[in-house]
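The structure under discussion appears below in the form of structure tokens.
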Amino acid sequence: MSEAWLETEALDVTYGRTHAVRGVSLTVGEGEIVAVLGANGAGKTSLLRALQGAVKPSGGTIRFMGRDLTNAGSAERVRSGMMLVPEGRQIFVSMTVHENLLMGGHLRRDQSAVEKDIKAVYERFPNLAERRDMKATVLSGGEQQMLAVGRALIGRPKLMMLDEPSLGLSPLFVEKLFSLIQELNGEGLSILLVEQNTHMALEIASRAYVLELGRVTLQGAAADLAADAALAEAYLGAEPA
Amino acid sequence: MSGYWIGLITILSINVIFAYGIFLAVATGQLNLGGAGFQALGAYAAAYLAMEMDQPLFVTIASGMIVAGVIGFAISFPILRLKGVYLVLGTFAFAEVVAGLILNSDALGGATGLPVPTFIDWDVPAIAAVIVAVGVFWLMSTRFGLVVRSVHDDEVVADLMGVNVRMVRVCAFALGAALAGLSGALYAHAYSFVEIQVFNASLSIYVLLYVLLGGAQTAWGPLFGAAFFTLLPEALRDTLPALKEAVFGALGIEGAATPPDESWRFVILGVATVLMMIFRPEGLITRTMVERLRPLNRAPRAARAEAAE
């Protein structure tokens, strides 16, 4: 495995008496796609919220590129290269497509370079370019997901975290999305992919973690997990291999 | 110009500035129902400095703005911890506390109020209103304006983009408080007298209505809202008796042309308010509407994008 960029150690997240994440240690290396799998309520979203600084972990540490970011705010994490694409394609509803993309570069001061990056996003997603001055809410669900990914790219992340990106998308768009994730990964971006679509996630990931009730119950190479009988039973409906 | 028009332009200018003060908070998703409190702070700061300390006009007006802004900044930290209806109640309570303190303060004239020696004509408020309006339009077109909208749209995602949501809200709230204070200082000098009864709860409600019914999505909203609700009662002042006469004439009732009760103007205003809430819940002026009225803006932009290809 290459050098770890993101590293959590014994991470705990609690809301009042609810223990959402229990002692999770995971790593994402340079240029890796790592999947985090699990059913609803397994703690996947809480884990991401802690990673992005939206909730303070009650225990453990988060390190990124050698820096301790356990208690850092969201801005510091974005600056150091972590960017989260939230669940449900949360675009800014009052804004145009272009303004949404501008928000991705909120912390950047190099305006001309931001414009260049936005142009690159338009080249990647011609649909967005055509609708740049329209309200982002007129986009289809799939296009909104592309916008959310594009917006995150404007922040020039080193690690992109995606929270259930395939949720509610048509099978065709899910295919497109996963090949996009692979494409971005090929360009050097590390990916932390939180998914319920276990089949697809294991297909593109190099490694995966399975969360159950906030704990990592299984981890390993994606190919091994895909063949694992226990995982198959829990998430793949125990289809014969 | 007649005294009537001078008075109308003065109050219109003050209301526009006041509405922009509340707009800045509302644009970040914070309903501020304490407008009268901030306006009273500005008015009394200006009045006190003019009356008791003989300060020149620019000092008193600037001080009114600064006092309201600084107090707005200070209370925004605790008060912006509240959300939704509790924030509305919190800001409302703040205005009541300000009114109570002034009412019980001998230095500020208590219930009798304070005379203000330096008089300003309609031109000072009008110029100030133009500067404030241009300033808010400019502010909303900057990156800060974009960030303000992002916080209004979705504070969680704004935070994900690295926006300091709390700081944006505090700044917008404090800047808004300063504008409300400016409107109060102008009021003090334009009317040569301040009394706390003027800065009451219904004033806070009215100014919030200007913003919500005018539209809080763009800087056009408060301008139209304040103008509409300042001018409509005035327009009704003339048309209402004429209307009554016409109705009575049609019904064949003779000699009943006594002017109708003043309160009818406010009944009609109330009905207009309810109708606007039903038919334009996003306010009179929405972003979609502004964008549709700007086809000229889009054409060069598209051409520019093509040229860049």
From B:PHE119, B:PHE18, residue being of a type outside the set (Ser, Thr, Tyr) and closer than 22 Å to B:LEU212 by Cβ: B:PHE18
Qualifying positions in the range A:192-201 - within 19 Å of A:VAL85 (Cα to Cα) and part of a helix (DSSP H, G or I): A:THR198, A:MET200, A:ALA201
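Per-residue answers, yes or no, for (1) at pLDDT 95 or above; (2) surrounded by 23 or more Cβ atoms within 10 Å (Cβ to Cβ):
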| residue | (1), (2) |
| --- | --- |
| B:GLY3 | no, no |
| B:ILE6 | no, no |
| B:ILE11 | no, no |
| B:TYR20 | yes, yes |
| B:LEU31 | no, no |
| B:ALA36 | no, yes |
| B:ALA45 | no, yes |
| B:ALA50 | no, yes |
| B:MET53 | no, no |
For the range A:42-67, name all the residues that are away from every other protein chain (no Cβ under 14 Å) and under 15 Å from A:GLU195 (Cβ atoms). A:ALA42, A:GLY43, A:LYS44, A:LEU47
Name the residue, out of B:LEU8, B:LEU12, B:LEU41, B:LEU24, that is closer than 11 Å to B:PHE173 by Cα and in a helix (DSSP H, G or I). B:LEU24
Residue among B:THR91, B:THR118 that alone is of a type in the set (Ser, Thr, Tyr) and at pLDDT below 90: B:THR118
Tell me yes or no: at least one residue of the range A:118-131 is of a type outside the set (Gly, Ala, Ser), closer than 25 Å to B:VAL290 by Cβ and outside any helix (DSSP H, G or I). yes
Inside the range B:92-143, can you point out the residues that are loosely packed, with under 14 Cβ neighbours inside 10 Å and among the aromatic types (Phe, Trp, Tyr)? B:PHE119, B:TRP138
Hey, does the range A:161-182 have a residue that's touching a Leu at 6+ places or on another chain (Cβ under 8 Å), within 14 Å of chain B (Cβ to nearest Cβ), in a helix (DSSP H, G or I) and surrounded by 15 or more Cβ atoms within 10 Å (Cβ to Cβ)? no
Just to be sure, is B:LEU89 surrounded by fewer than 18 Cβ atoms within 10 Å (Cβ to Cβ), part of a helix (DSSP H, G or I) and touching a residue at least 24 places away in the same chain (Cβ under 8 Å)? yes
Of these, A:LEU153, A:LEU159, which one is touching a helix residue (DSSP H, G or I) at 6+ places or on another chain (Cβ under 7 Å) and either within 17 Å of A:PRO86 (Cα to Cα) or at pLDDT 90 or above (or both)? A:LEU153
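The values are calculated or read from the model by the stated rules, or taken from the named source; none is laboratory data. Remember, it's a predicted structure, so these values are computed and weren't measured experimentally. When we count neighbours, we look across all protein chains shown, and the Cβ atoms used for this are built from the backbone with ideal geometry, even at glycine.
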